[in-house]
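Q: Would you mind keeping the following structure in view while I ask a few things?
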Amino acid sequence: MSLRAERRNLSRCGLRLLRSYAPRNDLKEKGNKHVKYVVGIIQPDRLDEVLKRLTDEEVHLVTVSNVLGRGRQKGIAQVYRSHKEQGSLLKKVKLEIAVNEAFVEKTVKAILGGAQSGQIGDGKIFILDLHECVRIRTGERGGEAIG
Ligand SMILES: Nc1ncnc2c1ncn2[C@@H]1O[C@H](COP(=O)(O)OP(=O)(O)OP(=O)(O)O)[C@@H](O)[C@H]1O
Ligand SMILES: [Mg+2]
């Protein structure tokens, strides 16, 4: 093979190598860039209403846990909301929802709509960038694996 042909071949190989890497990186970027993790801490008695509103917004996948917590009032229980558990901690419910960015505002709207009474202790919403999501059954990742 002539030197020229060899170089051409090499550069084609190089290109092929580049191509085989590039889409993966693109996909990784695409898959994860707009994936968020919404964490909502709410009053336990608001759970049903929040779940209903999430469903109305087509947000169906959710993790729910019973948790203990305290906010600015350092766990001082209100008479009308006596969910006091132990020490300075109050019973709350935590919702965790991984969504594509397009659903973040719908998710926040549903939690606010269902949990906001205007009284102290209504709860809080945290929105995090989600590094990765993997559907165990298929191995799908990123945005594909979310819903
Ligand atoms: N900065 C925080 N970090 C971690 N968890 C928090 C934080 N703020 C609130 N929480 C959690 O949210 C729950 C409810 O908080 P809460 O609604 O009392 O917030 P707040 O800041 O005290 O607001 P408010 O004045 O309306 O009561 C807490 O019991 C705790 O579990
Ligand atoms: Mg508080």
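The values are calculated or read from the model by the stated rules, or taken from the named source; none is laboratory data. Here the structure is a predicted model, which means the values were calculated and not measured. As a convention, Cβ positions derive from the backbone with ideal geometry for all residues, glycine included, and neighbour counts pool all protein chains shown.
Q: Which of the following residues is touching a helix residue (DSSP H, G or I) at 6+ places or on another chain (Cβ under 7 Å), crowded, with 18+ Cβ neighbours inside 10 Å and modelled with pLDDT under 95: V93, V59, V99, V35? Even if it seems obvious, please write down each step before you answer.
A: Numbers: V93 fails: modelled with pLDDT under 95; V59 fails: modelled with pLDDT under 95; V99 fails: modelled with pLDDT under 95.
Criteria check complete, one pass: V35.
Q: Counting only residues that are in contact with a Ser or Thr (Cβ under 6 Å, 6 or more places away or on another chain) and at pLDDT below 85, how many does segment 62-90 have? Outline the logic, then answer.
A: Keep residues of segment 62-90 that are in contact with a Ser or Thr (Cβ under 6 Å, 6 or more places away or on another chain), which gives 70, 74-75.
From what's left, at pLDDT below 85: 74-75.
The qualifying residues number 2.
Q: Shifting gears a bit: State which residue is nearest to ligand 2 (Cβ to nearest atom) when the search covers only segment 112-147 and only residues that are buried (at least 18 other Cβ atoms within 10 Å of the Cβ) and of a type outside the set (A, V, I, L, M).
A: G121
Q: Anything in segment 104-130 that is without any contact (Cβ under 8 Å) to a residue 60 or more places away in the chain and more than 14 Å from ligand 1 (Cβ to nearest atom)? List them, or say none.
A: Within segment 104-130, E105, K106, K109 qualify.
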